[in-house]
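Working notes, structure below.
The values are calculated or read from the model by the stated rules, or taken from the named source; none is laboratory data. Just so it is clear, the model here is predicted, and its values are computed rather than measured. Cβ coordinates were reconstructed from backbone atoms using ideal geometry, including for glycine residues, and neighbour counts include every protein chain displayed.
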Amino acid sequence: MKPEAIKLELEAILPRVQKPGRYTGGELNQVVKDWQQIPLRVALAFPDIYDLGMSNLGLAILYDLVNQQPDMLAERVYAPWTDMEAAMRERELPLYSLETKHPIAAFDILGFSLAYESLYTNALNMLDLSGIPLRSVDRDIQHPLVIAGGHAAFNPEPMSDFIDAFVIGEGEEVLLEITCRHRDWKANASTRQELLRSLAEIGGVYVPSLYQVDYRKEGTVSEVRTLAPEAGNPVLKRIVPELPPAPTRFIVPFIEITHDRVAIEIMRGCTRGCRFCHAGMVTRPVRERSVEEILDAIDRALAETGYDETGLLSLSSSDYSQIQELVRQASRRFAGRHVNLSLPSLRIESLSVELMDLLQGSSRRSGFTLAPEAATERMRAIINKPVSEAQILQTARAIFERGWQTIKLYFMIGHPTETLEDVQAVVELSQAILAQGKAAIGRRARVNISVGTFVPKAHTPFQWVPCDSMEQIEAKHAILRQGLRGRNLKLNWTDPKMTMLEAWLSRGDRRMGALIFQAWKQGAKFDAWQEHFDPDAWEQAFASTGLDADFYTHRNRPLDEVLPWDHIDPGVSKQHLIEDYEWSLEGKTRPDCREHCTVCGILPKFKDLRQLHPGRVWKCPEVKSQSSEETEPIVRTTSTGR
């Protein structure tokens, strides 16, 4: 279907659906290029609704990056909500891009951002709506190259049937390398297999069809073998040595989205080493932007969008080495302009009284978020988050005294060796924090408690441990519901069945592809949405595929087991993860990497970065590296990069 025909169909459909602004395009700062004059076209897809996808900073970075290239264009596509999908299927309207209304099947490359596992069935649904064969093996040279990246791609195996190539790690450089390889392949009109083999030569690109997975009789992985010389084993993640210029021409939506603000990434990576945290392990090393660079980006972004709020983003914003100076200078620079600064990720250990005082004049007082994660010092030592209860209570008191009325607390249940007494401690610590608030500001004090359930993730020290059973989770929820009732306390928790879904998909192997396909056929989609999550569809999928859910979720994995993701290298060595897991069993903690190098394996693999920004990128001391013959520098800059 041509864009003109799609536009005519939309005139009939949009008045009948919720929030038609999700589907129109035409927003301020969107980029529209001449389709006929651009040889390489990329559709960037977030497999959830516009309201969420428009808040995804990673996709905004790539959109800006590709559209800076004169011979390329990038356009956006999101998952239609159920009412829009029904209308599209009724009128046989294909999934289309927002900018020019071209069918997604007409693009050269379709790139999915897989931020979390519950997006998998939505990705299949979007392929189906596009008319693109779901399985990679069924596509030919007429179909777009389907690629994917994001945090979920660090275990690519469950989606390997459906994705032609995965980007492992950071995409700013590697996406341009992929587009250049595709452009050259397109000009030579060779086979699709030759394109895939060419992509496998790029550092950080994993092409599943070039690997063979063998299994033992008991169901565990025996070996992952390469089927082509271009395929690396392991595939080492890509990182950029220096954060590229932050995008500032953010697209301004017609409707309210989840995070309706300017988003500036001030730092990438984390040095804390929380043992449950996938992001903290796979985004190393830390790279920071300078204060002046951040302030200039905020200034340009506010002028180009009209927003009055800026989120200063990182995994731990208060760990940014110049955070106080940044907030101080921002307060001076934007004085009188009613600009609100938000730091959505703050750590108790690095949240100082001085920083709170600075935030008083530059941040709205809607709420202050803290993440103790566990409520006893024993549990916090196990997960390597060593902060004392006294420090938590002192920090909470200081927050209330400075005018904030609500503290939001994040806890996680289900950590290794957790007891019911540890769960009861969540109740007691939350009540103690509320008591600090009442002492400081009286009845206005509120505490909102959000409790997630721990899922052991790939490439973390806890990747070998089992997930709690449904019965264990429900018993812990009962304690929390009983204890966290009453005025000024509010409890939110994750549905245990949704936790099981996350566990299957994040810890699965290549056989999970059949499960995901069958669940989608049974109607599974929008699995991250409570009102649409359908456990029965997944139960039927397990029954039809013969897979055992307990095998993936509740089994303690031996340290010498070949894990489904072992051929993906996040930079942190497996030996380091094993040592850290063993330390957790002893309640032994590690210091922050900025204070003392833990020799996790990053330095030898990315040793060339030390020469680029020794004072800004690397905070830990020199350690012994492999020879240049043993480890080839991975980070490369293409001729088309900025």
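Residues in the range 273-291 that are assigned to a loop (DSSP other than H, G, I, E, B) and either among the aromatic types (Phe, Trp, Tyr) or more than 20 Å from GLU582 (Cα to Cα) (or both): 7 in all. Each residue in the range 576-624 was checked for being crowded, with 19+ Cβ neighbours inside 10 Å, modelled with pLDDT under 90 and assigned to a helix (DSSP H, G or I), and 4 of them qualify.
Report whether or not LEU312 is within 24 Å of the chain's Cα centre (by Cα) and either of a type outside the set (A, V, I, L, M, F, W, C) or not in a loop (DSSP other than H, G, I, E, B) (or both). Judged against the criteria, LEU312 is a match.
Counting only helices (runs of 4 or more DSSP H) that fall entirely inside the range 53-143 and contain at least 1 residues that are among the aromatic types (Phe, Trp, Tyr), the qualifying elements are 57-67, 120-130.
Among the residues of the range 270-297, the one identified as touching a Pro at 6+ places or on another chain (Cβ under 9 Å), among the small types (Gly, Ala, Ser) and either buried (at least 23 other Cβ atoms within 10 Å of the Cβ) or without any contact (Cβ under 8 Å) to a residue 40 or more places away in the chain (or both) is GLY273.
Looking only at the range 485-496, decide whether some residue is buried (at least 21 other Cβ atoms within 10 Å of the Cβ) and either modelled with pLDDT of 95 or more or farther than 15 Å from HIS415 by Cα (or both). No; the residues of the range 485-496 include none that is buried (at least 21 other Cβ atoms within 10 Å of the Cβ) and either modelled with pLDDT of 95 or more or farther than 15 Å from HIS415 by Cα (or both). Selection of the range 179-206 for residues being in a loop (DSSP other than H, G, I, E, B) and either of a type outside the set (Asp, Glu) or buried (at least 19 other Cβ atoms within 10 Å of the Cβ) (or both) yields ALA189, SER190, THR191, ILE202, GLY203, GLY204. The set of residues from the range 216-236 being in contact (Cβ under 8 Å) with a residue 60 or more places away in the chain, more than 18 Å from ARG197 (Cα to Cα) and not β-branched (Val, Ile, Thr) comprises GLY219, SER222, GLU223. LEU210 - would you say it is of a type in the set (A, V, I, L, M), surrounded by 13 or more Cβ atoms within 10 Å (Cβ to Cβ) and closer than 14 Å to HIS567 by Cβ? Criteria met by LEU210.
Identification of helices (runs of 4 or more DSSP H) wholly contained in the range 428-534 with 3 or more residues that are within 26 Å of TYR116 (Cα to Cα) and of a type in the set (D, E, K, R) yields 470-483. Applying a threshold of 7 Å to beta carbon distances and a minimum spacing of six or more residues, or different chains, the list of pairs starting in the range 360-386 at a residue that is more than 18 Å from THR419 (Cα to Cα) and at pLDDT below 95 and ending at one that is among the polar types (S, T, N, Q) and assigned to a loop (DSSP other than H, G, I, E, B) reads ARG365/GLN405; PRO386/THR589.
Within the range 370-384, being in a strand (DSSP E or B) and either small (Gly, Ala, Ser) or surrounded by fewer than 18 Cβ atoms within 10 Å (Cβ to Cβ) (or both) holds for one residue alone: ALA371. Looking across the range 389-408 at every residue that is in a helix (DSSP H, G or I), in contact (Cβ under 8 Å) with a residue 12 or more places away in the chain and of a type in the set (S, T, N, Q), the one that is farthest from ALA425 (Cα to Cα) is identified as THR395.
Screening the candidates ALA335, ALA301 for the property of being small (Gly, Ala, Ser) and at pLDDT 95 or above yields one hit, ALA301.
Filter the range 218-269 for residues that are surrounded by 19 or more Cβ atoms within 10 Å (Cβ to Cβ) and in a strand (DSSP E or B) and give the result. VAL221, VAL224, VAL235, LEU236, ARG238, VAL262, ALA263, ILE264, GLU265, MET267, ARG268, listed by residue number.
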